[in-house]
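Bear in mind these aren't lab numbers, they're just calculated from the coordinates by the rules spelled out. Remember, predicted model here, so these are calculated numbers, not experimental data. All Cβ positions, even for glycine, are placed from backbone atoms using ideal geometry, and neighbour counts span all protein chains on display.
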Amino acid sequence: MSRTPLDTVEHAAATPDVELPWAELGLKKDEYERVVEILGRRPTGAELAMYSVMWSEHCSYKSSKVHLRQFGEKAPENDALLVGIGENAGVVDVGQGYAVTFKVESHNHPSYVEPYQGAATGVGGIVRDIIAMGARPVAVVDPLRFGAADHPDTKRVLPGVVAGIGGYGNCLGLPNIGGEVVFDACYQGNPLVNAGAIGVMRHEDIHLAKASGAGNKVILYGARTGGDGIGGASILASETFDDAKPSKRPAVQVGDPFQEKLLIECTLEAFAEKLVVGIQDLGAAGLSCATSELASNGSGGMRVTLDDVPLRDSTLSPEEILMSESQERMCAVVEPDKVDRFLAICDKWDVIATVIGEVTDGDRLEIFWHGEKIVDVDPRTVAHDGPVYERPYARPDWQDALQADDANKLPRPATSEELKDQVLKLVASPNQASKKWITQQYDHFVQGNTVLAQPEDSGMIRIDEESGLGVAIATDGNGRYAKLDPYTGAQLALAEAYRNVATTGAKPLAVSDCLNFGSPEDPAVMWQFAEAVRGLADGCKQLGTPVTGGNVSLYNQTGEAAIHPTPVVAVLGVIDDVARRTPVAFQEEGQLLYLLGDTDEEFGGSAWSQVIHDHLGGLPPKVDLERERLLAEILISASRDGMIDSAHDLSDGGLVQAVVESALLGGVGARLVVPDGLDAFTLLFSESAGRALVAVPRSEELRFTDMCGARGLPATRIGVVDGDTVEVQGEFTLTLEELRRAHEETIPALLA
Amino acid sequence: MTARIGVVTFPGSLDDRDTQRAIRLAGAEPVALWHKDKDLKQVDAVVLCGGFSYGDYLRAGAIARFSPVMEPLIEQAKAGLPVLGICNGFQILTEAHLLPGAMLGNDHLHFVCRDQKLRVENAATSWTGDYSEGQEIHIPLKNMDGRYVADERTLDMLEAEGRVAFRYLDVNPNGSLRDIAGITNEAGNVVGLMPHPEHAVEPLIGSGRTDGLPFFTSILKKLVNA
């Protein structure tokens, strides 16, 4: 194989006029000029590869950064926050010396191209973020959004995504305990595959991504580096190599969960022996990201010998090695006298580990190939000094018309028969139907600590077998609400996740988010984004739950059509004793059903308006975060003191959806009475926020209503757990069997 | 006195800690065994737990079966050492020919995770003494390759000799022949099943039932009374 001369630093300095394919690598002209200005010369091919990938939207947050700052500026005082935004994942104190790290990320675009591997590697990436903090991963959650349920392409994408999440997560031994599955035509060409993970560690075991201490060794371990996910780097490669190399490479990375399982075990063993000074996983931008971030967060510089990177494909160019997104790799910084032990642990787990460099006392990141220097940069300029854009944003001109198209004016059912028919239609609609066909492809038992898993309101994991200490997590988002009003929509997502954690009895502590939007170059989308971030930051401040980290996914659009703005919010909570948890299912006949909160006529963006009228317009439900906080306090107290036996949050689908789910899960029905001041339709279908349905044992009724009364939370008795039907007095009766068929047959019929 | 029960960790084993917990909850002492161990540390019984040993690459259990620890295990199992194979452990036992038949991919081609109803068909093995014959229990099931198959002669032999230990009830979750969920060897010391009894040992956790605990109390009683 013949080669053109290596593009070394020296060569670059001597050939200032060589044109590099910066545009093909996604850089704008002014961005490229900035690189030249930083370096004082043209970049080498390898340097250009690093800058282009680290300055991409995905890695640099260049469009979103100016807005995301609010999460820090408006962060509530919170003693529980141990590590905040900026690290691989945030860390929260949950008591008894335990710390919990959690994060949600997107893997949207790859999952559309190649559903199985895209979704699988999404799980792999988020799990490595958790390991990199020093924690043992204990659970995953997956908020998913697809195109119309009956669209033929949904049948390609969804089963692949679900199998990928299951195939990877199940093989890693991580219980899948929560998430969502939502269908909407707006996601047809842009499914949202968000993946969240939780990890647990002791406070003293928190690890950070930084390379400090001159002389410390940089160890790359895990899978060999191959040509997958190198995307644009192949352009560079084609200029430095002849045609004799393999040309077709997958743009989407391929996952190997078995390798990742080994990586988890050997990393945790190395942590336990205190062998690691700093650590970083290799995700997007691979070695470019890991080396520049480790070096820029540490006190010194770093020298890396790229020849020492174990390869799957010996023809890879240095640029490709730097950009490769091969999965299941991590980078650790280890003191010299501990290197042998670290390598021995990797060997025990049959994990390949190689010293590829060391920390220097300078401030440069220098990378060598065949003995020649091909990268010589200030790592901070790569990792942190990327461009920041103040993208123009403007409230779209269609927003007023959308909000004026009031869903409250849609025709409502005129007869009891029609009301009953609409109830059946609602619970059978793809968004409201049981997702069992999907969730039963995920292992939710592994690790033996799962207390609650979907379809419960939040997933719950025991973290201490002696005390029963546990954590809960819920993820929620509603693109329809956010489309009507992004500020309120983001707060509704936060409120719902917060409420879902509280209905299971856990105290909400902290937030992670995954912000899925269209193109930031569209001022209307940018306005949606700005509004959603402002709403979420304000909401988190008011609820006292800081945002600990998260992810932004932009350019989710097909042509001119953007997805609904879809902020997905994850709330993490803590429960002192998981034995006090509250399930969704009705437990016992005779228990009294109470509706907590106020019910108004709020149908904008509702499931009813979508299912019955295929309508999206008006305003989303009002948000009252003080009420949400009070409701949560009541739910937590009632759970702790044994005053309620089941609880279910009310959100999309309203009360009737909650009653049907609780009844079907418990195998026991309910008799409902429409309370004074409400009509049956509003009671059943309104989506007013700040509400929950609880089942109260008769012996606890007085104590419970006294508590609600004293605290000022409206609690309305609306019925009793009873029989094998759901009956709304004076309106209709549906048997559990009818409801079960309606609720459970939809998804298998569409997708199996 | 109590019994020492080994749990083997292969690369890719997932339920090793869970199985150790179940053993502890039953009152026995769990002993961690590593797949590269060349001896069994004088344990009184061994559990091969669930997971994806070697990623289930090639065929579930096919590579793990050649791990160093399997040599003494096979030898001692043939001499009467009680061995329980759960899920991937069951697959390893068939690959090692300690139990007849084989496991194929689920007939519906999906991973399945559910709380599965079973009937105990043989309460006389080393691992089932605390159940009664015909007892119906719920044990979580979670697998990709759980379809038990064997030739007709072998199936007839298993039935005739009472070696079908567990059968799926209500739903056959993976297409296993004759609804077989678990089997035993002739001597009754080696038992394999696809469902996961270690995930049904504590109220509230997992399936919220304790129907799986008798596996571990059965073997403890048998060993202590021996």
Legend entry - Rg over Rh [alpha-carbon atoms, Kirkwood Rh] for segment A:537-591: 1.18
Legend entry - Neighbour cut-off at most 12 other Cβ (10 Å), DSSP loop, GluC sites (Glu not before Pro), segment A:548-657: A:560
Inset, instruction - For segment A:1-127, take the alpha-carbon Rg, divide it by the Kirkwood Rh, and send me Rg/Rh. - result: 1.11
Legend entry - Nearest-ten-degree value, helix A:45-54 long axis tilted from longest Cα axis of chain A: 20 degrees
Inset, instruction - Quick one: Debye curve from the alpha-carbon atoms of segment B:4-225 only, equal weights, vacuum; give me log10 I(q)/I(0) at q = 0.08, 0.13, 0.15 Å⁻¹ to two decimals. - result: -0.23, -0.64, -0.88
Legend entry - Interchain or long-range residues, amide H under 5 Å from residue A:509's placed H: A:572, A:573, A:574
Inset, instruction - Under a cut-off of 22 Å between alpha-carbon atoms, report the lysines in cross-link reach of residue B:221, not counting same-chain residues fewer than 8 places apart. - result: B:41, B:78
Inset, instruction - Can you tell me the 0 to 90 degree angle between the C-alpha axis of helix A:523-543 and the longest principal axis of chain A, rounded to 10? - result: 70 degrees
Inset, instruction - Take the alpha carbon atoms of segment A:578-654, find their center, do the same for segment B:145-180, and report the distance between the two centers in whole angstrom. - result: 46 Å
Inset, instruction - Take the alpha-carbon centre of segment A:385-406, take the same for segment B:58-107, and report the distance between them in whole Å. - result: 61 Å
Inset, instruction - Working from Cα positions, state the angle (0 to 90°, nearest 10) between the long axis of helix A:701-711 and the longest principal axis of chain A. - result: 60 degrees
Inset, instruction - Sort all Cα-Cα distances of segment A:255-413 into consecutive 5 angstrom bins from zero, then give the percent of pairs in each bin up to the one containing the longest distance. - result: 2, 7, 14, 17, 16, 12, 7, 3, 3, 4, 5, 4, 3, 2, 1, 0
Legend entry - Cα-Cα P(r), segment A:409-539, percent of pairs per 5 Å interval: 2, 9, 13, 14, 15, 15, 14, 10, 5, 2, 1, 0
Legend entry - For segment A:274-366: rounded, prolate or oblate by the Cα gyration tensor [a/c cutoff 1.5]: oblate
Inset, instruction - Give me D for segment A:574-632 in µm² s⁻¹, whole number, from Stokes-Einstein with Rh from the Kirkwood sum over alpha-carbon pairs, 4 °C and 1.567 mPa s. - result: 85 µm²/s
Legend entry - Cross-link table A:409/A:483; A:65/A:483; A:74/A:622; A:155/A:425; B:36/B:117; A:155/A:409, entries beyond 24 Å C-alpha to C-alpha: B:36/B:117; A:155/A:409
Inset, instruction - Determine, for each peptide in A:19-29, A:410-420, the mean count of other beta carbons within 10 angstrom over its residues, then list the peptides with the highest first. - result: A:19-29, A:410-420
Legend entry - Part-to-part distance (alpha-carbon centres) for segment A:305-346 and segment A:16-67, which is given in Å: 25 Å
Inset, instruction - Would you mind calculating the relative contact order of chain A from Cα pairs under 8 angstrom and at least 6 residues apart, reporting the percent as a whole number? - result: 15 percent
Inset, instruction - Enumerate the amide H contacts of residue A:444 below 5 Å, restricted to partners 5 or more residues apart or on another chain; note that Pro and chain-start residues carry no placed amide H. - result: A:176
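For segment A:146-237, what is the Kirkwood estimate of the hydrodynamic radius, computed as the reciprocal of the mean inverse distance between distinct Cα atoms, to one decimal in Å?
17.8 Å is the Kirkwood radius here.
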Inset, instruction - Just tell me which aspartates and glutamates come within less than 16 Å, Cα to Cα, of residue A:62; anything on the same chain fewer than 8 places away is out. - result: A:30, A:31, A:385, A:390, A:521, A:522
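So if I take the alpha carbon set of the protein assembly as shown, get Rg, then get Rh from the Kirkwood formula, what is the Rg over Rh ratio?
Expressed as Rg/Rh, it is 0.98.
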Inset, instruction - Please state, to two decimals, what the Cα-based radius of gyration of segment A:26-89 comes to when divided by 2.2 N^0.38 Å (N = residues). - result: 1.51
Inset, instruction - Calculate, axis by axis, the spread of Cα positions in segment A:466-537 along the three principal axes, and write the results as whole Å, longest axis first. - result: 53, 18, 16
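Quote the Stokes-Einstein diffusion coefficient, in whole µm² s⁻¹, for segment A:639-750, based on the Kirkwood radius over alpha carbon pairs, a temperature of 37 °C and a viscosity of 0.692 mPa s.
The estimated diffusion coefficient comes to 219 µm²/s.
Quick check of the Kirkwood formula: for segment B:111-226, what is the inverse mean of 1/r over all pairs of different Cα atoms, in Å? Write out the running numbers ahead of the final one.
Working: mean 1/r = 0.0699 Å⁻¹.
When all Cα pairs of segment B:111-226 are included, the Kirkwood radius is 14.3 Å.
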Legend entry - Antiparallel content of DSSP bridges confined to the protein assembly as shown, in %, to 5: 75 percent
